[in-house]
Every structure is written in C-alpha cells, then in structure tokens.
Amino acid sequence: MTSLSSESDLSSESDLSSESEHALGLLSRAAEPLDRLHALRLLAIAVDRDPAVLRNVRAALVAGESWERIADAAGLGLAAAKWRWQGTDEQIAVRLAAGRKRSARPSSVPSGLPGHSVADAARMLGVTAQAVYLRISRGTLQATTVTIDDGRSYKRVLL
C-alpha cells in the first residue's frame, strides 16, 4: 500500500466526491487533537459512501481481481464486501436501504410485553437461559412468542 503525501495527491488520484473533498479539507486544516479526531471521523464516513469506492471495486473486478482480494484491500470480510458492492446500482441501493431500515429500528425491547424475557426469567429462577428453554419445552414453564408491528419477535416467559 502506498502512502499519499498530501490532500491534493489523494483527491486527484481517487476522484473523490465533494463531500469527501470537504472532509479531507477539514482534516488538513484541523490543528487541535479533538478537531482532527472529529475531522477523521467525518472523512471516514464520507469516504465509506463515496462513489469512488464502488468505481474502484468495479474497476478491480474488470481487471480480474477476486472478491477475496477486494475484501482484503477494503479491510472487510468477503461477505461484507459482496454485500456492499456486488450487483447493479439498484440492487446495492435496495440492500443499503434495507440495512438503514434495520439500523433505524430501536435496539431495545419494547416495554409493555407480557411476562418476562428469557434472560430475566433465568435470573429470577437462578438458572441459565438454556434451562429456561428446556423447562418451556418440557411444559414446566409457560411461554409465548410475541411479534410486534416491525416484525421482531420475542419469547416471553409467563411465571
């Protein structure tokens, strides 16, 4: 991997978007450590979604590079690289939009569900979660599965 000596070297060699160019400029002007850290983060986000990345992935594929080498060059696993860049522009856009929808959902369990989570029930009973599932399968504990509007499902133990 070659190192680039200046902001102009990077932008002229990679044909970065204006967003990436702006973030690169912020980094080159940042003097304080926290300002540089913030600028680095903005640059990483901008470059990650920069069309130049996809253009270079496609150019590497045309040149005969394997997905394994592309993933390695990008610092990603094979599946992650293919998920990001394989297919047409439309297929990639659909995958990315679906990923954003998942990431926009709340990460916490909604309140107001009946019963207790398996983890909470295990803690209350002084056993492992696996033991709770075993008791459910044997019929010594009652449980239900609740599916909420966004499609997530939760096993709820009724103590």
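Where a number appears in this text, it was derived from the coordinates with a stated rule and is not lab data. Keep in mind it's a predicted model, so treat the numbers as computed, not measured. All Cβ positions, glycine included, derive from the backbone under ideal geometry; neighbour counts span all protein chains shown.
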Label-point gap, in nm, between D48 and S137 - each point 7 angstrom along Cα→Cβ: 3.8 nm
Histogram of C-alpha separations across region 17-159, 10 Å bin width, %: 10, 23, 20, 19, 19, 9, 1
For region 60-87 and region 116-146, distance of Cα centres in Å: 43 Å
Förster radius 35 Å - calculated FRET efficiency between R58 and A30 (Cβ-Cβ, nearest 0.05): 0.60
Sites R69 and L37 - FRET efficiency at Förster radius 30 Å, r taken between beta-carbons, to 0.05: 0.45
Whole-Hz ³J(HN,Hα) from phi, Karplus 6.51 cos²θ - 1.76 cosθ + 1.60, for region 58-63, glycine and proline x: 5, 5, 5, 5, 4, 6
